[in-house]
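Visitor: Have a look at this one before I ask anything.
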Amino acid sequence: MAIRISLAEAPEEVDAVLKLRHKVFSEEEKLFSATSDLRVLDRFDTFSTSKNLIAISDGTVIGSMRLTLDSDAGIPADEYYNFRRLLPEDARILNCGMYCVTKPFRGAKIAIGLNLMASYFGISHDVTHVVAPINPPIAKLVGRIGFKQVDEIQYDPAHGVAFLPMVLDTRELTDYFLTFAENNRLYNFIGSYECLFFTEGEYIVRAGETGDAAFVIIEGDADVVTPDNNQHIARIGPGEVFGELALLTDDVRSADILALSDIRVMRLPKAVFLAHLRSHPEHAMTMLKSIGKRMKNMLKAEA
């Protein structure tokens with residue numbers, strides 16, 4: 001089943017994040033005291049510099065991570081540890097925190113997906129350093145990204161938790177995460193923060209569906225096939241856009257798109273996508289050539 005990772009924008013998505021934190025931190029892990037409204041939040045959740053990445057499976061928020069860009073009002077990490085003494089004066093800081101995934105979905109897939117998108121968010125905002133008070137059990141995971149432990153394990157009496165202070169210099173992102181972030185910035189010309197993760201053999205779109213978005217492949221390959229006789233039309237890979245024809249014609253999708261490998265695609269919402277093409281005709285011309293090539297292949301397959 002596909003996993004969607006995006007920024008929480010709608011009020012109900014943000015509320016689902018607060019409920020998820022309570023479920024994980026208060027009920028499953030017993031790190032925080034239970035609250036009467038079954039939500040966990042603090043003052044940083046009200047800041048415009050804070051955003052929540054969410055992982056959604058079958059319409060339910062099952063994972064989340066808060067991203068807070070530095071400002072004069074500070075970042076959550078300031079309340080745990082003095083990270084600033086370790087950073088250059090001109091550092092552009094991002095704080096990652098409130099990482100939580102509910103028990104049935106814990107594992108590398110969700111964790112890596114959230115951290116990939118956090119890497120993209122940081123690089124697209126010109127962040128130089130990411131700081132985080134890390135829950136010791138996930139220290140090894142974030143070490144795979146490039147985070148380094150900068151002190152011994154600490155205990156914060158105000159929050160009642162033990163943590164490891166860890167810092168990431170974005171120049172030292174491991175290759176996998178850096179490549180994903182740079183490819184997103186290169187290929188994703190709209191600047192969407194909504195990523196879908198499919199496994200080999202899954203259908204990304206099906207013919208006959210109403211098109212509400214286009215997609216750009218960040219990593220992996222997909223097969224474009226005719227819906228009636230399952231004939232191959234084209235193989236598409238990183239940097240290629242698909243699903244745009246249904247948006248341009250206000251019609252249903254004309255072909256199936258099948259993941260040929262584990263694949264990551266960015267979702268480009270219809271309204272934003274069409275507005276971008278109107279203001280960037282050079283992208284529209286490139287897309288029309290791609291559509292023409294695929295239509296030519298489709299006619300050959302049907303012959």
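The values are calculated or read from the model by the stated rules, or taken from the named source; none is laboratory data. Fair warning: this is a prediction, and the values are worked out from it, not measured in the lab. FYI the Cβ positions are ideal-geometry reconstructions off the backbone, even for glycines, and counts take in every protein chain you see.
Visitor: May I ask you to verify whether residue 63 is touching a Lys or Arg at 6+ places or on another chain (Cβ under 6 Å), of a type in the set (Gly, Ala, Ser) and either modelled with pLDDT of 95 or more or assigned by TED's automatic domain parsing to the domain that holds residue 129 (or both)?
Guide: Criteria not met by residue 63.
Visitor: Can you tell me which residues in the stretch 124-152 are part of a loop (DSSP other than H, G, I, E, B), buried (at least 16 other Cβ atoms within 10 Å of the Cβ) and β-branched (Val, Ile, Thr)? Write out each step before concluding.
Guide: Filtering the stretch 124-152 down to residues part of a loop (DSSP other than H, G, I, E, B) leaves 125-128, 135, 146-147, 150-152.
Of the ones still in play, those that are also buried (at least 16 other Cβ atoms within 10 Å of the Cβ) are 127-128, 135, 146-147.
Passing the criteria: 127, 128.
Visitor: In the list 39, 21, 66, which residue meets the criterion of being on the phi < 0 side of the Ramachandran plot, basic (Lys, Arg) and touching a Pro at 6+ places or on another chain (Cβ under 9 Å)? Quick ask: steps written out before the conclusion?
Guide: Values: 39 fails: touching a Pro at 6+ places or on another chain (Cβ under 9 Å); 21 fails: touching a Pro at 6+ places or on another chain (Cβ under 9 Å).
Of 39, 21, 66, the one residue that is on the phi < 0 side of the Ramachandran plot, basic (Lys, Arg) and touching a Pro at 6+ places or on another chain (Cβ under 9 Å) is 66.
Visitor: Which one is surrounded by the fewest Cβ atoms within 10 Å (Cβ to Cβ), of the residues in the stretch 233-255 that are of a type in the set (Asp, Glu) and in contact with a Gly (Cβ under 9 Å, 6 or more places away or on another chain)? Walk me through how you get there before you give the answer.
Guide: Kept after step one, since they are of a type in the set (Asp, Glu), are these residues of the stretch 233-255: 240, 244, 250-251.
Narrowing further to those that are in contact with a Gly (Cβ under 9 Å, 6 or more places away or on another chain): 244, 250-251.
On the way: 244: 23, 250: 9, 251: 11.
My answer is 250.
Visitor: Next question, about the same structure. In the stretch 132-143, what residues are out of contact with any helix residue (DSSP H, G or I) (no Cβ under 8 Å at 6 or more places or on another chain) and within 21 Å of residue 175 (Cβ to Cβ)?
Guide: Initially, the stretch 132-143 is screened for residues out of contact with any helix residue (DSSP H, G or I) (no Cβ under 8 Å at 6 or more places or on another chain), giving 135-137, 139-140, 143.
Listed by number, the residues that qualify are 139, 140, 143.
Visitor: Now a separate question. Tell me which residues, restricted to the stretch 208-241, are among the charged types (D, E, K, R) and farther than 18 Å from residue 193 by Cβ. Step through it out loud before you land on a result.
Guide: Applying the first criterion (among the charged types (D, E, K, R)) to the stretch 208-241 yields 209, 212, 219, 221, 223, 228, 235, 240.
Matches in the stretch 208-241: 209, 221, 223, 228, 235, 240.
Visitor: Taking the stretch 188-232 as the region of interest, how many residues are under 20 Å from residue 119 (Cβ atoms) and surrounded by fewer than 17 Cβ atoms within 10 Å (Cβ to Cβ)?
Guide: Looking only at that region, the number is 2.
Visitor: Another question, if that's okay. Could you check how many residues of the stretch 156-202 are under 30 Å from residue 33 (Cβ atoms) and modelled with pLDDT of 90 or more?
Guide: Step one: of the stretch 156-202, the residues under 30 Å from residue 33 (Cβ atoms) are 156-167.
Going one step further and asking which of them are modelled with pLDDT of 90 or more, we end up with 162-167.
Qualifying residue count for the region: 6.
Visitor: Here is a follow-up. Just to be sure before I move on: is residue 121 in contact with a Phe, Trp or Tyr (Cβ under 9 Å, 6 or more places away or on another chain) and in a strand (DSSP E or B) in the structure I sent? Write out each step before concluding.
Guide: Values: in contact with a Phe, Trp or Tyr (Cβ under 9 Å, 6 or more places away or on another chain): yes; in a strand (DSSP E or B): no.
Judged against the criteria, residue 121 is not a match.
Visitor: Given the residues 245, 196, which is the only one that is outside the structural domain of residue 56 (by TED's automatic domain parsing), more than 27 Å from residue 92 (Cβ to Cβ) and more than 18 Å from the chain's Cα centre (by Cα)? Explain how you work it out, then say what you get.
Guide: Working: 196 fails: more than 18 Å from the chain's Cα centre (by Cα).
Just one listed residue meets the conditions, 245.
Visitor: Next up: With (1) on the phi < 0 side of the Ramachandran plot; (2) modelled with pLDDT of 90 or more; (3) buried (at least 16 other Cβ atoms within 10 Å of the Cβ) as the list, and residue 262 as the residue in question, which single condition is left unmet?
Guide: Residue 262 satisfies every listed condition except (3).
Visitor: Got a number for residues in the stretch 81-118 being surrounded by 15 or more Cβ atoms within 10 Å (Cβ to Cβ), touching a residue at least 12 places away in the same chain (Cβ under 8 Å), farther than 19 Å from residue 135 by Cα and out of contact with any Cys (no Cβ under 7 Å at 6 or more places or on another chain)?
Guide: 4
Condition check ((1) in contact (Cβ under 8 Å) with a residue 60 or more places away in the chain; (2) within 20 Å of the chain's Cα centre (by Cα)) across all residues:
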| site | (1), (2) |
| --- | --- |
| 6 | yes, yes |
| 15 | no, yes |
| 41 | no, no |
| 69 | no, yes |
| 72 | no, no |
| 79 | yes, no |
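Visitor: Within the stretch 264-284, how many residues are hydrophobic (A, V, I, L, M, F, W, C), out of contact with any Ser or Thr (no Cβ under 8 Å at 6 or more places or on another chain) and part of a strand (DSSP E or B)?
Guide: Initially, the stretch 264-284 is screened for residues hydrophobic (A, V, I, L, M, F, W, C), giving 265-266, 268, 271-275, 277, 284.
Retained after the next criterion (residues that are out of contact with any Ser or Thr (no Cβ under 8 Å at 6 or more places or on another chain)): 265, 271, 273-275, 277, 284.
Next cut, part of a strand (DSSP E or B) only: 265.
So the count comes out to 1.
Visitor: How about the stretch 172-186: which of its residues are touching a strand residue (DSSP E or B) at 6+ places or on another chain (Cβ under 9 Å) and among the aromatic types (Phe, Trp, Tyr)?
Guide: 180
Visitor: Within the stretch 43-59, can you find the residues that are over 20 Å from the mean Cα position of the chain (by Cα) and touching a residue at least 12 places away in the same chain (Cβ under 8 Å)?
Guide: Step one: list which residues in the stretch 43-59 are over 20 Å from the mean Cα position of the chain (by Cα), which gives 43-44, 46-47.
If the condition is that a residue be over 20 Å from the mean Cα position of the chain (by Cα) and touching a residue at least 12 places away in the same chain (Cβ under 8 Å), then 44, 47 are the ones that fit.
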